[in-house]
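These notes are about the structure you will find just below.
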Amino acid sequence: MQPVENYRPLALSALRIVTALVIFSYGLQKIVGFPAVQGPPVGSLPWIAGVFELVLGFLVLIGLKTRIAAFVLSGVMAFAYFLAHAPQNFFPAQNGGVAAILFSFIFLYLSVAGAGPVSVDEMDRRK
């Protein structure tokens, strides 16, 4: 049996994929209206955030230009937290900003750690 340490690269890819699927789904709701939700007005800050979530979320999902896309998404999530959540209350559990904080730090981690072995970035590196 292999030590759990040997699974770290695959766990990184799994973290990237699941996180990107969730953020991508937020962008899909805001921009495309799927599943059946009326998105924010075109050009508004939530709509612009949705564009970032949709486009960069997809890049992180497939693992293409992951470090750059994740870094930008980390900033978008931090911006969302400080603009929309922090003014309501200091404590994240009360201001509804827990997801924004977690996304921000997970994307920051991915910008440093990279995409992992199951990614387009890794396929390009091996060529």
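The values are calculated or read from the model by the stated rules, or taken from the named source; none is laboratory data. The structure presented is a predicted model; accordingly, all values stated were derived computationally and were not measured. Here Cβ is always computed from backbone atoms with ideal geometry, including for glycine, and neighbour counts include all displayed protein chains.
Assess whether F52 counts as being surrounded by fewer than 15 Cβ atoms within 10 Å (Cβ to Cβ), of a type in the set (A, V, I, L, M, F, W, C) and closer than 25 Å to I31 by Cβ. Here the answer is no, as F52 does not meet what is asked.
Applying the set (1) over 19 Å from S44 (Cβ atoms); (2) in contact (Cβ under 8 Å) with a residue 12 or more places away in the chain; (3) crowded, with 16+ Cβ neighbours inside 10 Å to R67 leaves exactly one unmet item: (3). Give the stretch 7-27 a look and list any residue that's free of Cβ contacts under 8 Å to residues at least 60 places away in the same chain and touching an Asp or Glu at 6+ places or on another chain (Cβ under 8 Å), or say none. Residues satisfying the conditions are F24, Y26, G27. Taken over the stretch 39-67, the criterion of being farther than 11 Å from I23 by Cα and charged (D, E, K, R) is satisfied by K65, R67.
So that you can scan it fast, the table gives a plain yes or no per residue for (1) closer than 16 Å to T19 by Cβ; (2) out of contact with any helix residue (DSSP H, G or I) (no Cβ under 6 Å at 6 or more places or on another chain); (3) without any contact (Cβ under 8 Å) to a residue 40 or more places away in the chain:
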| residue | (1), (2), (3) |
| --- | --- |
| F71 | yes, no, no |
| A84 | no, yes, yes |
| F90 | no, yes, yes |
| A93 | no, yes, yes |
| A99 | yes, yes, yes |
| F105 | yes, yes, yes |
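So that you can scan it fast, the table gives a plain yes or no per residue for (1) at pLDDT below 95; (2) of a type outside the set (A, V, I, L, M, F, W, C):
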| position | (1), (2) |
| --- | --- |
| G50 | no, yes |
| V72 | no, no |
| M77 | no, no |
| P87 | no, yes |
| A93 | yes, no |
| L102 | no, no |
| A115 | no, no |
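The residues of the stretch 90-108 that are under 30 Å from N6 (Cβ atoms) and surrounded by fewer than 16 Cβ atoms within 10 Å (Cβ to Cβ), listed by number, are L102, F105.
If you filter the stretch 20-49 down to residues that are within 15 Å of the chain's Cα centre (by Cα) and small (G, A, S), you find that the one that is surrounded by the fewest Cβ atoms within 10 Å (Cβ to Cβ) is S25. Those helices (runs of 4 or more DSSP H) of the stretch 1-120 in which at least 2 residues are of a type in the set (D, E, K, R), considering only elements entirely within it, cover 8-31.
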